[in-house]
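Chemist: Before I ask anything, here is the structure I am working with.
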Amino acid sequence: MKIDILASGSAGNCIALTANGKTILIDAGVAKTKIEKRLLEAGISAPDIIGIFITHAHADHVKGLPLAAKYIIPVYATDGEWKSIREPEDHDGLVRPGNTVMSSSDGWEVAAFKTYHDSYEPVGYTANCDDYKVSICLDTGKVDDDMLEAMAGSHAIIIEANHDESMVEQNEQYPSSVKARILSDIGHLSNEQTAAALSQLVRGRGERIYLTHLSSNNNMPELARMTAVSALRRCGFTEGKHYYLEVL
Ligand SMILES: [Zn+2]
Ligand SMILES: [Zn+2]
């Protein structure tokens, strides 16, 4: 399975997973032309995209959806999130958390799980192709047991490591309402929360971990990395030996 993080962060998120000559996108949160350019750089042909799976309808996850109309790609989202995307009559695919969303003749199987974020009905996804499982867990204020169960056994984990809690607390540019939102149970994952989730998920079988959606104001790539690496070291796992970690 080829994993290309085409965009990551509050300016936009888009992830491409490719196997068996087909690609799925998780979110399309940068402008269509940017996605087209990055697909080209990644060697992916837009007509090979068999679905765009939306986690939630915030602009940094859906801004590039005109891509779907141009290449006639089915879009999948929950009923709650469709409300913010376009008219419900235009549903391509309806996502129900806890269920399989798509099962294709190319061997792809995509399922959704409930996440906790300040949109109507946010989800994360697990994607399987050829017995390779990838979990995608973006904007969420917490990771609960059901989410861990859905993501268990993943070969690759793409998860947000949004902020360092003390950096948010000390940020003088942010009003207290914004700080409270970020830190709430329906905000974003801190480095510590992400590290705790990874400690539950990683088994030391060479998992590939991608830390994404880092805040440019409230996080530093090295801090996100060290928090995860330290937590996994306490579980007995060494980076480069038991798992591989990339910070986007
Ligand atoms: Zn969001
Ligand atoms: Zn976001």
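Chemist: Which is within 16 Å of ligand 2 (Cβ to nearest atom) and either surrounded by fewer than 22 Cβ atoms within 10 Å (Cβ to Cβ) or under 19 Å from the mean Cα position of the chain (by Cα) (or both), of 43, 51, 29?
Modeler: 29
Chemist: Are any residues in the stretch 123-142 more than 16 Å from ligand 2 (Cβ to nearest atom) and farther than 19 Å from residue 210 by Cβ, and if so, which ones?
Modeler: Kept after step one, since they are more than 16 Å from ligand 2 (Cβ to nearest atom), are these residues of the stretch 123-142: 126-135.
Of everything in the stretch 123-142, those that are more than 16 Å from ligand 2 (Cβ to nearest atom) and farther than 19 Å from residue 210 by Cβ turn out to be 130, 131.
Chemist: Going residue by residue through the stretch 146-155, is there one that turns out to be among the acidic types (Asp, Glu) and either loosely packed, with under 15 Cβ neighbours inside 10 Å or farther than 19 Å from residue 35 by Cβ (or both)?
Modeler: yes
Chemist: Any residue at all in the stretch 99-114 that is free of Cβ contacts under 8 Å to residues at least 60 places away in the same chain, within 22 Å of residue 151 (Cα to Cα), over 15 Å from the mean Cα position of the chain (by Cα) and not in a strand (DSSP E or B)?
Modeler: yes
Chemist: So, residue 73, is that one closer than 23 Å to residue 11 by Cβ, outside any helix (DSSP H, G or I) and away from ligand 2 (no atom under 16 Å from the Cβ) or not?
Modeler: Yes: the conditions hold for residue 73.
Chemist: Could you tell me whether residue 120 is within 16 Å of ligand 2 (Cβ to nearest atom), under 19 Å from residue 80 (Cβ atoms) and in contact with a helix residue (DSSP H, G or I) (Cβ under 6 Å, 6 or more places away or on another chain)?
Modeler: Details: within 16 Å of ligand 2 (Cβ to nearest atom): yes; under 19 Å from residue 80 (Cβ atoms): yes; in contact with a helix residue (DSSP H, G or I) (Cβ under 6 Å, 6 or more places away or on another chain): yes.
Yes.
Chemist: Output the residues belonging to the stretch 9-45 that are touching an Asp or Glu at 6+ places or on another chain (Cβ under 6 Å) and within 16 Å of ligand 1 (Cβ to nearest atom).
Modeler: Those that are touching an Asp or Glu at 6+ places or on another chain (Cβ under 6 Å) and within 16 Å of ligand 1 (Cβ to nearest atom): 10, 12, 13, 14, 29.
Chemist: Determine whether residue 78 is within 16 Å of ligand 1 (Cβ to nearest atom) and either of a type in the set (Gly, Ala, Ser) or closer than 30 Å to residue 145 by Cα (or both).
Modeler: In short, yes.
Chemist: Is the stretch 118-126 home to any residue that is buried (at least 21 other Cβ atoms within 10 Å of the Cβ), in contact with a Phe, Trp or Tyr (Cβ under 8 Å, 6 or more places away or on another chain) and assigned to a loop (DSSP other than H, G, I, E, B)?
Modeler: Yes, that holds for at least one residue.
Residues checked against (1) at pLDDT 95 or above; (2) out of contact with any helix residue (DSSP H, G or I) (no Cβ under 7 Å at 6 or more places or on another chain); (3) within 15 Å of ligand 2 (Cβ to nearest atom):
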| residue | (1), (2), (3) |
| --- | --- |
| 12 | yes, no, yes |
| 18 | yes, yes, no |
| 24 | yes, yes, no |
| 58 | yes, yes, yes |
| 87 | no, yes, no |
| 104 | no, yes, no |
| 113 | yes, no, no |
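Chemist: Determine which member of the set 173, 193 is more than 16 Å from ligand 2 (Cβ to nearest atom) and out of contact with any Gly (no Cβ under 7 Å at 6 or more places or on another chain).
Modeler: Checking each option against the conditions leaves just 173.
Chemist: Considering only the stretch 135-248, give the helices (runs of 4 or more DSSP H) lying wholly within it that have at least 2 residues that are farther than 24 Å from residue 10 by Cα.
Modeler: 145-151, 191-201, 221-234
The values are calculated or read from the model by the stated rules, or taken from the named source; none is laboratory data. From a predicted model like this one, the values you see are computed outputs, not experimental measurements. Here Cβ is always computed from backbone atoms with ideal geometry, including for glycine, and neighbour counts include all displayed protein chains.
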